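Read the structure below first, then the notes.
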Amino acid sequence: MKSCYCGSSLSFDNCCQKYIKGSLKAPTAEALMRSRYSAFASTAIDYLIETTYHSTRKSLKKQELSLWSTSNHWIKLEVLETTESTVRFKAYYLDKQLVPHIHHEFSTFIYEEGIWYYENGAFMD
């Protein structure tokens with residue numbers, strides 16, 4: 001079985017895919033962030049939109065998310081620090097020209113009516 005994109009020791013089927021497909025809701029902000037990374041890596045754009053907080057979602061463009069997701073080769077995720085509602089991480093990827101990049105972000109999440117949402121992120125470095 002394919003390992004999960006998020007770097008856990010579980011298979012994709014037994015890890016982030018269950019959140020992406022909607023059979024379960026992510027139980028923590030970190031689980032949501034990991035599943036969103038996996039959504040980028042597996043081009044699950046609708047999941048990215050659905051898990052973005054309502055006030056932030058308005059500014060999302062599905063075509064731009066899809067282009068960002070498909071034009072990069074996602075290598076690995078490194079979770080650096082978490083609290084109940086924040087996650088600082090590094091996402092490693094290669095662009096179209098195979099140039100390596102690191103997306104270092106401090107993300108905030110909102111828990112509302114039993115569901116975690118991505119609110120926003122600040123780029124680090």
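The values are calculated or read from the model by the stated rules, or taken from the named source; none is laboratory data. Since this is a predicted model, take the numbers as computed values, not measurements. Please note that ligands, DNA and RNA were not included when accessible areas were found on the heavy atoms of the full protein model with its side chains. Shrake-Rupley method; radii C 1.70, N 1.55, O 1.52, S 1.80 Å.
Evaluating kT/(6 pi eta Rh) at 10 °C and 1.306 mPa s, with the Kirkwood radius of the range 1-63 over Cα pairs in the Stokes-Einstein relation, gives 134 µm² s⁻¹. Element breakdown for the range 20-107 at a 1.4 angstrom probe: carbon and sulfur atoms account for 53% of the accessible area.
For the chain, the solvent-accessible area with a 1.4 angstrom probe is 59 square angstrom per residue. Rounded if a/c is under 1.5, else prolate if a/b beats b/c, else oblate: with a ≥ b ≥ c from the C-alpha gyration tensor eigenvalues square-rooted, which is the range 55-125? Verdict is oblate for the range 55-125. Amide H contacts of GLU119 (H built 1.01 Å from N, in plane; Pro and chain starts excluded): TYR53, THR108, PHE109, ILE110 sit under 5 Å, all sequence-distant by 5 or more or on other chains. Using a probe of 1.4 Å, the accessible surface attributed to THR83 totals some 80 Å² when neighbouring protein chains are kept in position. Accessible-area rank, largest first, for ARG36, ARG57: ARG57, ARG36, with all protein chains present and a 1.4 angstrom probe. What number, in percent, do you get for the relative contact order of the range 41-125 if the mean sequence gap of Cα pairs under 8 Å and at least 6 apart is divided by its residue count? Normalised by residue count, the contact order of the range 41-125 is 23 percent.
Over the chain, all Cα pairs binned in 5 Å intervals from 0 give whole-percent P(r) values of 2, 11, 21, 26, 24, 12, 3, 1, 0, listed from short to long.
Note on MET124: accessible area is roughly 80 Å² with a 1.4 Å probe, heavy atoms of protein only. Listed by chain and number, the lysines placed with their C-alpha closer than 23 angstrom to that of LYS96 are LYS61, LYS62, LYS76; residues fewer than eight positions away on the same chain are left out. Taking all protein chains as shown and a probe of 1.4 angstrom, HIS73 keeps an accessible surface of around 110 Å². Determine the shape class of the range 50-89: with a ≥ b ≥ c the square roots of the Cα gyration tensor eigenvalues, call it rounded for a/c under 1.5, and otherwise prolate if a/b is greater than b/c, oblate otherwise. Oblate is the answer for the range 50-89, as a/c is 1.5 or above yet b/c matches or exceeds a/b.
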